[in-house]
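The values are calculated or read from the model by the stated rules, or taken from the named source; none is laboratory data. It should be emphasised that the depicted structure is a prediction, and the values quoted were computed from it without experimental measurement. Here Cβ is always computed from backbone atoms with ideal geometry, including for glycine, and neighbour counts include all displayed protein chains.
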């Protein structure tokens with residue numbers, strides 16, 4: 001049975017093997033019993049009281065030599081370490097994340113109330129007994145905050161922001177005027193939602209700023225990473241669809257539409273009015289030009305540059321963008337260039353010798 005263990009102000013949790021099997025819907029394929037489990041670690045660092053997992057074949061040797069108490073593995077594994085209890089699960093990485101939630105060294109505890117140093121406008125719509133607003137936060141006039149939401153230190157919610165239930169807004173986040181945030185949204189430290197879009201017109205030899213009067217809408221279960229920026233629309237809405245995850249240091253420009261359950265990885269930039277379908281994945285440092293569409297379930301590999309609309313259900317790579325297969329063929333061909341140059345030189349020499357005769 002799960003029991004809490006206290007060390008001073010730190011609270012941890014112990015799990016039994018049976019509880020891990022129930023939690024992960026797994027089955028034991030090697031080993032019989034283990035000590036109570038109190039933490040998680042990598043295969044090469046785990047001890048007898050910790051849980052680890054095998055999620056990548058690169059770590060197979062670490063797996064065989066691990067001293068972990070329990071290891072979560074996929075069904076394809078046929079060898080087992082000598083001391084660990086091996087639990088077969090459908091998805092080791094996801095199962096491991098479930099265990100981590102139970103075995104976190106310090107559980108996050110929601111504590112309702114408003115810190116004395118926070119400033120909350122008189123007309124803010126919220127229940128102070130069901131919302132947590134921490135030190136130094138500023139909540140301006142007309143804001144709405146759903147129950148169970150936590151506002152971190154130094155957060156600024158500008159006028160008219162709508163914030164759903166059970167959100168977690170980390171330190172130093174800014175959500176600008178009238179933006180709409182759904183339920184269970186997570187905003188990591190320093191991200192900015194609703195900054196001005198990058199819009200200027202050249203008039204009389206000067207760049208004149210174009211007003212950005214739209215908003216940003218983050219649908220339910222969206223997460224935005226640290227120091228990411230999502231610009232408000234010039235007019236209308238910049239929208240991030242339900243369940244989509246935006247990584248650290250991503251820039252999403254004005255009037256962009258991102259579909260449901262997309263993954264947008266670090267240092268990706270999406271230019272104005274681009275549209276991403278559902279289940280699109282953008283790997284690190286992808287660049288997407290404005291006013292184009294990327295189809296559902298597209299996978300854009302790292303450093304891909306997209307300058308035209310793309311059909312869905314394809315893997316893309318390179319700049320200018322090509323299907324992954326086309327890009328790999330091109331890379332193979334480029335690797336043959338030195339030998340082709342050498343062959344041409346040899347043929348020229350033979351031709352010259354034949355002409356000399």
Residue within segment 308-320 that is under 30 Å from residue 189 (Cβ atoms) and crowded, with 17+ Cβ neighbours inside 10 Å present: no
Assuming residue 110 fulfils every condition listed in (1) under 27 Å from residue 150 (Cα atoms); (2) part of a loop (DSSP other than H, G, I, E, B); (3) free of Cβ contacts under 8 Å to residues at least 40 places away in the same chain apart from one, which condition is it? (3)
Kindly evaluate residue 304 against the criterion of being under 30 Å from residue 261 (Cβ atoms) and modelled with pLDDT of 95 or more. yes
Extreme residue, nearest to residue 35 (Cα to Cα), among residues of segment 55-72 that are touching a helix residue (DSSP H, G or I) at 6+ places or on another chain (Cβ under 8 Å) and buried (at least 23 other Cβ atoms within 10 Å of the Cβ): 70
Being loosely packed, with under 15 Cβ neighbours inside 10 Å, in a loop (DSSP other than H, G, I, E, B) and at pLDDT 85 or above, is that true of even one residue in segment 340-348? no
Please go through (1) crowded, with 19+ Cβ neighbours inside 10 Å; (2) in contact with a strand residue (DSSP E or B) (Cβ under 6 Å, 6 or more places away or on another chain) for residue 188 and return the number of the only condition it doesn't satisfy. (2)
If we ask which residues in segment 276-297 are without any contact (Cβ under 8 Å) to a residue 24 or more places away in the chain and over 17 Å from the mean Cα position of the chain (by Cα), their number turns out to be 7
